[in-house]
Every structure is written in C-alpha cells, then in structure tokens.
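Read the structure below first, then the notes.
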Amino acid sequence: MALGPYASFIVTSYALVAAMVLILILWIVVDYRRQKTRLAEFEASGVVRRSGRGAGDIG
Amino acid sequence: MTLTDLANPTRFLALTARILPWLAAATALLLAIGLVQSALAPDDYQQGATVKIMFIHVPNAWLSMFVWGVMSIAALGTLVWRHPLADVAAKAAAPIGAAFTFLALVTGSLWGRPMWGTYWEWDARLTSVLILFLMYLGLIALWRAVEDPSRAARAAAILTLVGAINIPIIKFSVDWWNTLHQPASVLRMGGPAMDRAYLVPLLVMAVAFSLLFVTLHLAAMRNEILRRRVRALQMLQASGRPA
C-alpha cells in the first residue's frame, strides 16, 4: 500500500485517532477500577447502602 | 425491560454488565473491517491516498455533532422529565464528545495542509466546529466546578440546550456561507455523491465509531453511577446515617 507524497499526514492522522481512542479506553478502565476499589473499601469498613446491598453490588 | 426499569441505576448497571462485552467485541470487529477496507480503497484521482484521512475524519465529525445531540436529549431528560440517569448520561458523554471533536479538527487540519495548502482557515465550518469543541470543554469545566451533581446537572442542561443551536449552524454552514470546506457529499438531498469504493468503507467506519461511542458512553455512565455511590457513602460515613 503506497501512501504517496503525503504519507506522513495520513499516518499521523490514523496514529492520533488510535492514540485518542486508547486514552479514552484506558481512562474509563482506570476510573472503573478506582470506583470499585473505593466502594470495596467502604464495604470492608461496614458502610453499606440503605438497600442493604454491598456498596459495589450491581445486582 | 422498559424505559422505566432503566431509570433504576442498579438495573442499568446490571444491563451494562451484560451487554458491554458484546458491544466492545462488535466495535472491535467492525473497526477492523473498516480499517482494512480503508487501506484497500483506491487512491482518489485528485486527492491521491490522502482520501484515506476522510475515513476517520468524517465519522469523528459526525459524532462530534451526534454526541451533542445525545447530550441535548439528556438535558431535556434532566429539566423536563427529571430522569435519574439523564444527567449521568450527559456528564459521561461530554469528554467523549470533546475527544471526537478534537479528532475531527486535527484530522481535518492534517487533510487540509496537503489539499488546501493550509492547516487552518477561519471559515464558517471550521470555526463553528472549533466553537463546539470549546463548548464541550466549557461543559466539562462546569461539571467539575459545581460539587453538587444535581445543581451542576441543571446548569449543564441549560448550557447544553443553548449550545445545541450550534449544531444546525455546523451542518448547514457550507450551504449558508461561502466556505473552503466542501459541501455535504453523503447526507444530502438526492443521495450520496460519492463512489461506492469510498462510500462503503466510510459508512462501515461511521457505524464502527458510533458503536465505539455507545460502548464508551455506557462504560462511562457506569463509572459515574459508581462515583455517585462513593459520594453518597462518603456523606453517610460523615453523618453516621444510612445512605
């Protein structure tokens, strides 16, 4: 696949999109783990929701 | 399952836990197909291989407006119907929409340099999309500035609905003003003015990026619900009463 004289513009565009998508995915995964950890800490310390379910229980 | 059932955050979390893996797999598969089709698309007789930038620029540009549309519906949900998940949806969508808008601007700029001879031109389309990006940043700042989520939600909902006026301006800017940006060639009266060799990969990439948005948005909404539970438990711990 020859990209011609403007290959650097094409490759940079695709690389930037890939990087941004990876950053978004990473941000969401890290944030999820952080919230689950904090909820687990509350549960471990005996702080529970009014429903009586565990702090991190989604069921 | 009805819409009323989804108003319950616990049921919403259970649903997202079930469908997120499938959505992520479908997104990855469609992105892979779209990327292969984009790579195999023939060079344009005028743009050469630079036409490949269009396959990522256009989906990001469409989504930059679509996400604001989703946030506008969520804003109505907050202000009119007071749906419990409406402001969660709006808050979770803003950073994703900002990222898509940023990518639309940057990939457009990288296409413009070899094709137009300039990275940037203050024409109506480019300027209105830049304003959209700044509005996304403003919304994110607003959510961060107000500590109480319900107060922040009302202010953000009003700002979102006011900002929605920019969406038709972006869409029709190429018709209303004399701009450097080319007019619509897919979503237009009379059907797409694009050869199938480019239209098919473009549509596949558009669906793939839309699925990517749905996946990221549901995951970000799940995070926001958990964050609010953490906040409620922090307040409970501070007050010594049940959450």
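Readers should treat all values here as calculations from the given coordinates under stated rules, not as data from a laboratory. The structure displayed is predicted, hence computed values, not measured ones. No Cβ is skipped: glycine too gets one built from the backbone with ideal geometry, and neighbour counts run over all protein chains shown.
Note on the protein assembly as shown: helix-only mean residue ellipticity at 222 nm, from DSSP H runs of 4+ residues weighted -39500 (n - 2.57) and normalised by residue number, equals -25500 deg cm²/dmol. Listed values for region B:154-165 are Karplus-derived 3J(HN,Hα) couplings in whole Hz (6.51 cos²θ - 1.76 cosθ + 1.60, θ = phi - 60°), namely 5, 5, 5, 5, 5, 4, 5, 5, 5, x, 4, 5, and x replaces Gly and Pro.
The long axis of helix B:9-40 is offset from the longest Cα principal axis of chain B by roughly 10 degrees. The aspartates and glutamates whose alpha-carbon is closer than 18 Å to the alpha-carbon of A:Lys36, local same-chain residues fewer than 8 away aside, are A:Asp57, B:Glu224. For the protein assembly as shown, the C-alpha radius of gyration sits at 1.11 times the compact-globule guess of 2.2 N^0.38 Å, with N the residue count. Computed from phi, the 3J(HN,Hα) profile of region A:24-29 under the Karplus parametrisation 6.51, -1.76, 1.60 (θ = phi - 60°) reads 4, 4, 4, 4, 5, 5 Hz, with x in place of Gly and Pro.
Here the contact order of region B:127-189, divided by its residue count and restricted to Cα pairs under 8 Å and six or more residues apart, works out to 29 percent. Of the residues B:Met115, B:Met135, B:Met221, the one that moves most in a GNM of chain B with alpha-carbon contacts below 10 Å is B:Met115.
For region B:152-175 versus region B:86-122, the inter-centroid distance based on Cα atoms is 16 Å.
Candidate cross-link partners of B:Lys52 among the lysines, defined by an alpha-carbon separation under 27 Å and a same-chain spacing of 8 or more, comprise B:Lys171. Note on A:Ala15 and B:Val214: the model spin-label points, each 7 Å out from Cα along the C-beta direction, lie 3.3 nm apart. Take B:19-32, B:53-66 and order them by the average number of nearby Cβ atoms within 10 Å per residue, most first; the result is B:53-66, B:19-32.
Using the Karplus relation 6.51 cos²θ - 1.76 cosθ + 1.60 with θ = phi - 60°, the per-residue 3J(HN,Hα) values for region B:216-221 come to 5, 5, 4, 5, 5, 5 Hz, with x marking Gly and Pro.
Using a Gaussian network model of chain B in which every pair of alpha carbons under 10 angstrom is joined by a spring, one finds that among B:Gly108, B:Gly191, B:Gly69 the greatest mean-square fluctuation is at B:Gly191. Computed over chain B with a Gaussian network model linking Cα atoms closer than 10 Å, the most mobile of B:Ser173, B:Ser150, B:Ser128 is B:Ser150.
For region B:1-148, the relative contact order is 20 percent, taking Cα pairs closer than 8 Å that sit 6 or more residues apart in sequence and dividing their mean separation by the residue count.
Evaluated with a Cβ-only charge set (Lys, Arg +1; Asp, Glu -1), the protein assembly as shown carries a dipole of roughly 1220 debye about its Cα centre, given to the nearest 20.
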